[in-house]
Structures are given as C-alpha cells and as structure tokens.
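Asks: First, the structure itself, so that you have it in front of you.
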Amino acid sequence: MEIKNKFPLIHHEEEPTQFIRVIEEKCIACGNCAEICPQNVWRRVGDIYKPVNYRDCSECGACWDVCEAEAIDFNDPKGGTGVIFPNV
C-alpha cells in the first residue's frame, strides 16, 4: 500500500545537506550554539561543538547569530531540509 502525502506540495529531503558548517579552527567551545538551539541539534564533539542532527533543525539561524567566535557558517538550506511547517 502506497502512503500518500497529506500535503502534496511538501517534500522532505531524505538526506539533509550540511547547511551548517563549523569552522573548527575558530570554535572556542563556548556552547552558545547548543544553549540557544530549540531543536537540540548541537553536541560537544571533542574540543568543539558540531551539529549532529540536521533533520531536526528548524533553520532559524540562532546558532549562527550567537556564535562569539564567528565559527558557524550557516547557509539557507534547499527547500525541504530540516523541520517542515505545513502551510495549512
């Protein structure tokens, strides 16, 4: 049985692209990104913080905004990546 999308104009990428990139040399591990993230996307990995779950990202850019060291390169993802808010 094929499951049809209730909202046919909404498409979710199965493999989200890495639209958030950490410039590791700049990261000072302040943790601001993890603290501000409403979707709990960030984790400490060794001496730096990294996004670990792009699928849950709400694409708000708050992490980029609060990064003291300007170590986050945030690009608007292509449509359908991260959290989807249907237009109903």
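Asks: Take every Cα-Cα pair in the range 20-74 and report what % of them are more than 18 Å apart.
Replies: Roughly 16 percent, rounded to a whole number.
Asks: Also: Just to confirm a number: summing +1 for Lys and Arg and -1 for Asp and Glu over residues other than ILE36 whose beta-carbon lies under 13 angstrom from that of ILE36, what do you get? Intermediate results must be reported in sequence, preceding the final value.
Replies: Numbers: positive: none; negative: GLU35, ASP65, GLU68.
Overall, the nearby charge balance is -3.
Asks: Please work out how much length the chain gains when fully extended from CYS60 to ASN75, using 0.36 nm per residue of separation minus the C-alpha to C-alpha distance, in nm with one decimal.
Replies: Numbers: separation 15, 0.36 × 15 = 5.40 nm, distance 1.08 nm.
4.3 nm is the gain from fully extending CYS60 to ASN75.
Taken together, the values in this text are just the output of simple stated rules run on the coordinates, not laboratory data. Fair warning: this is a prediction, and the values are worked out from it, not measured in the lab. No Cβ is skipped: glycine too gets one built from the backbone with ideal geometry, and neighbour counts run over all protein chains shown.
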